[in-house]
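The values are calculated or read from the model by the stated rules, or taken from the named source; none is laboratory data. These figures come from a predicted structure and were not determined experimentally. Note that we place each Cβ from the backbone using ideal geometry, even for glycine, and neighbour counts take in every protein chain shown. Remember, those area values only see protein heavy atoms, side chains included, never the ligands or the DNA or RNA. Shrake-Rupley method; radii C 1.70, N 1.55, O 1.52, S 1.80 Å.
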Amino acid sequence: MSGAAQRIVIIGAGQAGGQAAYSLRLGGFAGEITLVGDEAAPPYQRPPLSKAYLKGELEAERLFLKPLAYYDEHRIALVTGDAVTAIDLDGHEVTLASGGKLGWDRLVIATGARPRKLALPGADLQGVSELRTLADVDVIKRAAVAGARLAVVGAGYIGLEAAAVGAQLGMKVTVLEAMPQVLSRVAGPEIGAFYTRIHREAGTDVRLGVRIEGFEGVGSVSGVRLAGGEIVPADFVLVGVGVLPNMELALEAGLVCGNGIVVDEAMRTSHPDVFAAGDVAWRPLVHYGREGRLESVHNAIEGGKLAAAAIMGMPPPQIEAPWFWSDQFDLKLQTAGLWTGADQTVVRGDPGTRAFAVFYLKEGRIIAVDAVNSPPEFVVGKKLVAAKAKVAPAELVDKSISMKDIGARASS
Amino acid sequence: MPKITYVDSSGTERTVEGKNGMTVMETAIKHNVPGIDADCGGACACATCHVYVDPAFAEKVGKPSAMEQSMLDFAENVRETSRLSCQIKIRDDLDGLKVTTPESQH
């Protein structure tokens, strides 16, 4: 490491980059902080983009993580609408698209991820869009009117949340998913089956196991062509088929990358003065004994805090079990942990009541929980996941035993 | 404009002007009031915007929803006056509301 940090540059002004800056100031760092983002807006919350903001319930300003005045008051140089085009590790400099260079003693890369695009004919037609940024949603909102036909490609959280908003706005919604269940990457079949039913009950045509061949239309999209030739008519197509980490700058600079920028528990990359946080970071998943990339608010906030703590030489905050939420219709799904690798699932409560939870176990230990309209199952479940607790499935299914009691027994 | 007073765990008071329809959490963020993390941004999903409502306003502020109550049931240092500030919308009759933030939100 080279000397004490006086100048910090943060690439990426999203939730992780913003948090790194806020935590540095909160921790008493007195040097220079420059936060560079390629979007026009200051750091903002992305989750409402596919929920309340899409629905028109919030103005953009209410998404901002901090008011604009905060950055001046805390001497954080916020550079928006500009991008870093190169990182010089030896020279401790970054180059900006606008031409200038910025020197740094410590660098935080929080460049996030970008939606994966479908390399299919017609993918660049007008009316085919991803959903990642405020600018994306401002376009989508103009198309989101009652009676219009919305096709959602990909039944992940973003796709399903947008589908729910579309249905609530009176759009005719079709969801097209390649896998045999919705949410297949992030949740088990019980949750998948539940959300398929919920969307169908709301009038949405959920089509599973379909392959898409391209988009139809002249200039702007008019439909989605499926394998076999069927065309699903659409006035607007939302593509939500996952994201790719924005790690090209790091790769070109020579930092070690896998499916993301490789970092240690403190979010330090292969260069001792460089950190990465948020969607772009490939980090140790300490509760699981493996590494991975997480795409969530929790991960962004935690990564920003960890990087800031490491830069200041302060003790790191406690690493939480991964957590996440999704709002669809009147349902709040709260997730703790990662279900991958589960060898047993236990359903607590009746999905028919729209309030239930699915616990995922591996070798008898709870590794994740999906809780629908069930905060106790989420909150206690999160603690059980962090403790890698063993709980008998017979107790988990028994609603006469409260989550408080289950939690107390497991930890004693 | 209704005024809201935030008291931190050391007793320092900050009074700011709120706006009807915005939440007590958002108002804190907008005015750089420390002590409220609001990790989930107001989705009632994380319980990091926990406050204690001045008992004089308890009735006006009202009771938490079932969802909020069950998030609160498992938060740290919960008292009878605990609320999640992302679920309290500012109205004219909440002018003068005083809330205290806990020592830690985590």
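Please list, ordered by chain and number, the residues whose modelled amide H lies under 5 Å from the amide H of B:Ser9; skip anything fewer than 5 residues away on the same chain.
So B:Ser9 has HN proximity to B:Thr101.
For a test of the definition: using alpha carbon positions, the gyration tensor, and the 1.5 limit on a/c, classify region A:257-412 as rounded, prolate or oblate.
prolate
Take every residue in peptide B:32-43, count the Cβ atoms of other chains within 10 Å of its Cβ, and give the average of those counts.
5
Please arrange A:Trp282, A:Trp325 by accessible surface area, largest first, computed with a 1.4 Å probe and ligands excluded. Walk me through the numbers before you get to the answer.
On the way: A:Trp282 65, A:Trp325 15 Å².
Sorted descending by solvent-accessible area, the residues read A:Trp282, A:Trp325.
Given Cα pairs under 8 Å that are at least 6 residues apart, what percent is the relative contact order of chain A?
With pairs under 8 Å counted, the relative contact order is 14 percent.
Using a 1.4 angstrom probe on the protein heavy atoms only, could you order A:Ser222, A:Ser296 from most to least accessible area?
Putting A:Ser222, A:Ser296 in descending order of accessible area: A:Ser222, A:Ser296.
If you build a Gaussian network model of chain A, linking Cα atoms that sit under 10 Å apart, which residue out of A:Val280, A:Val346, A:Val237 swings the most?
Of A:Val280, A:Val346, A:Val237, the Gaussian network model singles out A:Val346 as fluctuating most.
Using only Cα positions of region A:1-60, each an equal point scatterer, no hydration layer, compute I(q)/I(0) via Debye at q = 0.18, 0.23, 0.28 Å⁻¹ and quote the log10 values to two decimals.
Those come out to -0.71, -0.94, -1.14, one per q.
Among DSSP beta bridges whose residues both lie in chain B, state the antiparallel percentage, nearest 5.
75 percent
Accessible area of A:Phe215, 1.4 Å probe, to the nearest 10 Å²?
10 Å²
Go through A:Gly209, A:Ile109, A:Ser270 and say which Cα lies farthest out towards the positive end of the charge dipole of the protein assembly as shown; charges sit on Cβ, +1 for Lys and Arg, -1 for Asp and Glu.
Result: A:Gly209, furthest along the dipole toward the positive end.
With viscosity set to 1.306 mPa s at 10 °C, what whole-number translational diffusion coefficient in µm²/s follows for region A:1-148 from Stokes-Einstein and a Kirkwood radius over Cα pairs? Don't skip to the end; give the middle numbers.
Details: Rh = 17.0 Å.
Using the Kirkwood radius from Cα pairs, D works out to 93 µm²/s.
Once Lys and Arg get +1 and Asp and Glu get -1 on their Cβ, which of B:Ala28, A:Val380, B:Ile88 lies farthest toward the positive end of the dipole of the protein assembly as shown?
Towards the positive end, the residue furthest out is A:Val380.
Determine the gain in length on full extension of the stretch A:Asp405-A:Met179; use 0.36 nm per residue of separation and subtract their C-alpha separation, reporting nm with one decimal.
Taking A:Asp405 through A:Met179 to full extension adds about 77.6 nm, to one decimal.
Sort chain B into rounded, prolate or oblate with this rule: let a ≥ b ≥ c be the square roots of the eigenvalues of the Cα gyration tensor; rounded if a/c is under 1.5, and if a/c is not under 1.5, prolate when a/b is larger than b/c, oblate otherwise.
Values: a/c = 1.36, a/b = 1.22, b/c = 1.11.
Rounded, since a/c falls under 1.5.
Using heavy-atom solvent-accessible surface (probe 1.4 Å) with all chains present, what is the largest-first order of A:Asp90, B:Asp39, A:Asp235?
The most accessible residue leads, giving A:Asp90, A:Asp235, B:Asp39.
Return the ratio Rg/(2.2 N^0.38 Å) for region A:178-273, where Rg is computed over Cα atoms only.
Taking N as the residue count of region A:178-273, the ratio is 1.58.
If you take the accessible area of A alone plus B alone and subtract the pair, what total do you get in square angstrom, rounded to 100, with a 1.4 Å probe? Could you put the intermediate results ahead of the total?
Working: alone 17350 and 5870 Å², together 21340 Å².
The contact between B and A buries close to 1900 Å².
Of A:Lys399, A:Lys51, A:Lys332, which is the most mobile in a GNM of chain A whose springs link Cα atoms less than 10 angstrom apart?
A:Lys399
Given H placed 1.01 Å from N in the peptide plane, which residues other than close sequence neighbours of B:Met22 have an amide H under 5 Å from its amide H?
B:Ile90
With +1 on the Cβ of every Lys and Arg and -1 on the Cβ of every Asp and Glu, and nothing else charged, how large is the dipole of chain A about its Cα centre, in debye rounded to the nearest 20?
Numbers: 41 positive and 46 negative charges, 192 e Å.
Charge dipole, chain A, about its Cα centre: 920 debye, nearest 20.
Please list 3J(HN,Hα) in residue order for region A:292-300, calculated via the Karplus relation 6.51 cos²θ - 1.76 cosθ + 1.60 where θ = phi - 60°; whole Hz, with x for glycine and proline.
The phi angles translate into x, 10, 10, 10, 7, 4, 3, 5, 5 Hz.
Send over a whole-number figure in Å² for the accessible area per residue of chain A, probe 1.4 Å.
About 40 Å² of surface per residue is accessible.
Could you work out the mean count of beta carbons from other protein chains within 10 Å of each residue's beta carbon in A:63-72?
If you average over the peptide's residues, the count of other-chain Cβ atoms is 2.
Would you please give the residues with an amide H less than 5 Å from that of A:Glu216, counting only those at least 5 places away or on a separate chain, with H modeled from the backbone geometry?
A:Ser222, A:Gly223, A:Val224, A:Arg225
When ranked by the protection proxy of mean other Cβ atoms within 10 Å per residue, highest first, what sequence do the peptides B:5-13, B:25-33 form?
B:25-33, B:5-13
Cα gyration tensor of the protein assembly as shown, axes a ≥ b ≥ c as square roots of the eigenvalues: rounded (a/c below 1.5), prolate (a/b > b/c) or oblate?
Rounded.
Just for the protein assembly as shown, what percent of DSSP beta bridges are antiparallel, to the closest 5?
In the protein assembly as shown, DSSP labels about 60 percent of beta bridges as antiparallel.
About the Cα centre of region A:218-317, how large is the charge dipole given +1 on each Lys and Arg Cβ and -1 on each Asp and Glu Cβ? Please answer in debye to the nearest 20.
Here region A:218-317 has a charge dipole of around 140 debye.
Beta carbons within 10 angstrom, averaged per residue: use that to sort the peptides A:37-49, A:147-159, highest first.
With the highest mean Cβ count within 10 Å placed first, the list reads A:147-159, A:37-49.
Just from its helices, what would the mean residue ellipticity at 222 nm be for chain A, if runs of 4 or more DSSP H residues each count -39500 (n - 2.57) and the sum is divided by every residue, rounded to the nearest 500 deg cm²/dmol?
-7500 deg cm²/dmol
What share of the DSSP beta bridges in region A:1-110 is antiparallel, in percent to the nearest 5?
Counting only bridges with both partners in region A:1-110, antiparallel ones make up about 40 percent.
Of the listed peptides A:167-176, A:204-213, what is their order by residue-averaged count of other C-beta atoms within 10 Å, with the highest listed first?
The most tightly packed comes first, giving A:167-176, A:204-213.
So how exposed is A:Leu255, as accessible area in Å² (1.4 Å probe, rounded to 10)?
A:Leu255 has an accessible surface of roughly 10 Å² with all protein chains in place.
Name all residues of region B:37-81 having a backbone nitrogen under 17 Å from the label point set 7 Å from the Cα of B:Thr12 along its Cα→Cβ direction, giving them as ranges.
Only B:37 fall inside the zone, counting backbone N under 17 Å.
Could you work out what % of the accessible surface of chain B is carbon and sulfur, using a 1.4 angstrom probe and leaving DNA, RNA and ligands out of the count?
Answer for chain B is 46 percent, counting heavy atoms of protein chains only.
If each DSSP helix of 4+ residues adds -39,500 (n - 2.57) and the sum is divided by the residues in chain B, what number results at 222 nm, nearest 500 deg cm²/dmol?
-4000 deg cm²/dmol
With a Förster radius of 25 Å, plug the Cβ-Cβ distance of A:Arg7 and A:Glu252 into 1/(1 + (r/R0)^6) and report the FRET value to the nearest 0.05. Numbers along the way, then the final one.
Values: r = 22 Å, r/R0 = 0.87.
The calculated FRET efficiency here is 0.70.
Return the average number of partner chain Cβ atoms within 10 angstrom of each residue Cβ along peptide A:288-301.
1
Show me, for region A:325-334, the HN-Hα J-couplings you get by feeding each phi into the Karplus relation (A = 6.51, B = -1.76, C = 1.60, θ = phi - 60°), rounded to Hz, glycine and proline as x.
Karplus-based 3J(HN,Hα) across region A:325-334 equals 9, 9, 9, 9, 6, 8, 10, 10, 9, 10 Hz.
Label 7 Å along Cα→Cβ of A:Asp72; region B:1-35 residues with amide nitrogen under 16 Å?
Within reach of a label on A:Asp72, which here means backbone N under 16 Å from a point 7 Å along Cα→Cβ, region B:1-35 contributes B:31-32.
For a label point 7 angstrom out from the Cα of A:Val286 toward its Cβ, which stretches of region A:366-385 have the backbone nitrogen within less than 17 Å?
So the set is A:382-385.
Once ligands and nucleic acids are excluded and a 1.4 Å probe is used, how much of A:Thr340 is accessible, expressed in Å² to the nearest 10?
90 Å²
Would you be so kind as to identify which of A:Thr95, A:Gly170, A:Leu54 lies farthest towards the positive end of the dipole of region A:52-205, taking Lys and Arg as +1 and Asp and Glu as -1 on Cβ and the Cα centre as origin?
A:Gly170
Whole-Hz Karplus ³J(HN,Hα) for region A:82-93, in order, using 6.51 cos²θ - 1.76 cosθ + 1.60 and θ = phi - 60°, x for Gly and Pro?
These are the phi-based 3J(HN,Hα) values: 9, 10, 7, 9, 7, 10, 9, 5, 5, x, 6, 9 Hz.
Please get the size of the charge dipole for chain B, origin at its Cα centre, with Cβ charges of +1 on Lys and Arg and -1 on Asp and Glu, quoted in debye to the nearest 20.
260 debye
State the extension gain, in nm to one decimal, for the chain segment bounded by B:Lys89 and B:Ala66, taking 0.36 nm per residue of separation less the distance between their alpha-carbons.
Additional length available on full extension: 6.6 nm.
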